[in-house]
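Asks: First the structure, then my questions, so here it is.
The values are calculated or read from the model by the stated rules, or taken from the named source; none is laboratory data. Remember, predicted model here, so these are calculated numbers, not experimental data. When we count neighbours, we look across all protein chains shown, and the Cβ atoms used for this are built from the backbone with ideal geometry, even at glycine.
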Amino acid sequence: MDQFDTSDEETENGSLDTTPLKIDWLDLSIYGCTADLGITSLPGCKFKDTWRCMKTDVAGVKDVFVLCTNGELKKYRVKNLLTEYKAGQITVHHHPFFDGMTLAMSNLMLLLEELKALLTEGHKTLIHCYGGLGRSSLVACCLLMFLDPDIDHGAVIDKLKSLRGSNAIQSVKQYNFITEFRDNLTQFKKAKTEVSRPVSR
């Protein structure tokens, strides 16, 4: 029995687009990860001239990180996407934030720790926002700097633009966030250490 609900997967003008979804795979093997990270646009998207099949788009994926808000999922006619992922035995990690924006450092670190653990364990993992260019590239850039203490922000931005295209990183706010990530990571770790340090009497 098909585990995905395809009852609403019909177009008004024709059939679904079942051509392979463009997924770019970020090789992280030099950091001890036994699986690559897939970066893509919204699977199953049904908006304007785009009408994709979610079942085909995510075949073989075990974990998916969704950066779209619930409002976006409704707008792009995949409002039940998270439920359908789960029905297809895909583990969902929902970390929504708005298009063109960034997320709180504490939330980002939680996301990066989850990604690192899964990729180290060899889970086939996908991350997506709507277009797979802004938010997804932001997280991927930060992941690279999180895994590699020596790589700088310019190198990771160039790497993502080479992988996803020149439109990767969609806003000045996102670019600045990546530029400042290394310093913010240092401050975050310092604050975390101070909080965990026992109070002397």
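Asks: Identify, from the list 21, 42, the residue that is in contact with a helix residue (DSSP H, G or I) (Cβ under 7 Å, 6 or more places away or on another chain), crowded, with 20+ Cβ neighbours inside 10 Å, modelled with pLDDT under 95 and part of a loop (DSSP other than H, G, I, E, B). Give the steps one after another, and end with the answer.
Replies: On the way: 42 fails: in contact with a helix residue (DSSP H, G or I) (Cβ under 7 Å, 6 or more places away or on another chain).
Of 21, 42, the one residue that is in contact with a helix residue (DSSP H, G or I) (Cβ under 7 Å, 6 or more places away or on another chain), crowded, with 20+ Cβ neighbours inside 10 Å, modelled with pLDDT under 95 and part of a loop (DSSP other than H, G, I, E, B) is 21.
Asks: Of these, 147, 143, which one is closer than 17 Å to residue 66 by Cα, surrounded by 17 or more Cβ atoms within 10 Å (Cβ to Cβ) and not β-branched (Val, Ile, Thr)? Give the steps one after another, and end with the answer.
Replies: Details: 147 fails: closer than 17 Å to residue 66 by Cα.
Residue meeting the stated conditions: 143.
Asks: Test residue 172 against the stated conditions and say whether it is over 13 Å from the mean Cα position of the chain (by Cα) and at pLDDT below 95.
Replies: Considered against the rule, which asks whether it is over 13 Å from the mean Cα position of the chain (by Cα) and at pLDDT below 95, residue 172 comes out as no.
Asks: So, in the range 158-167, exactly how many residues are over 19 Å from residue 130 (Cα atoms) and surrounded by 15 or more Cβ atoms within 10 Å (Cβ to Cβ)?
Replies: Matching residues across the range 158-167 total 1.
Residue-by-condition table, conditions (1) modelled with pLDDT under 80; (2) among the acidic types (Asp, Glu); (3) surrounded by fewer than 16 Cβ atoms within 10 Å (Cβ to Cβ):
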position	(1), (2), (3)
25	no, no, yes
53	yes, no, no
61	no, no, no
75	no, no, yes
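Asks: Against the condition touching a residue at least 40 places away in the same chain (Cβ under 8 Å) and under 22 Å from residue 173 (Cα atoms), how does residue 118 come out, does it pass?
Replies: No, not satisfied.
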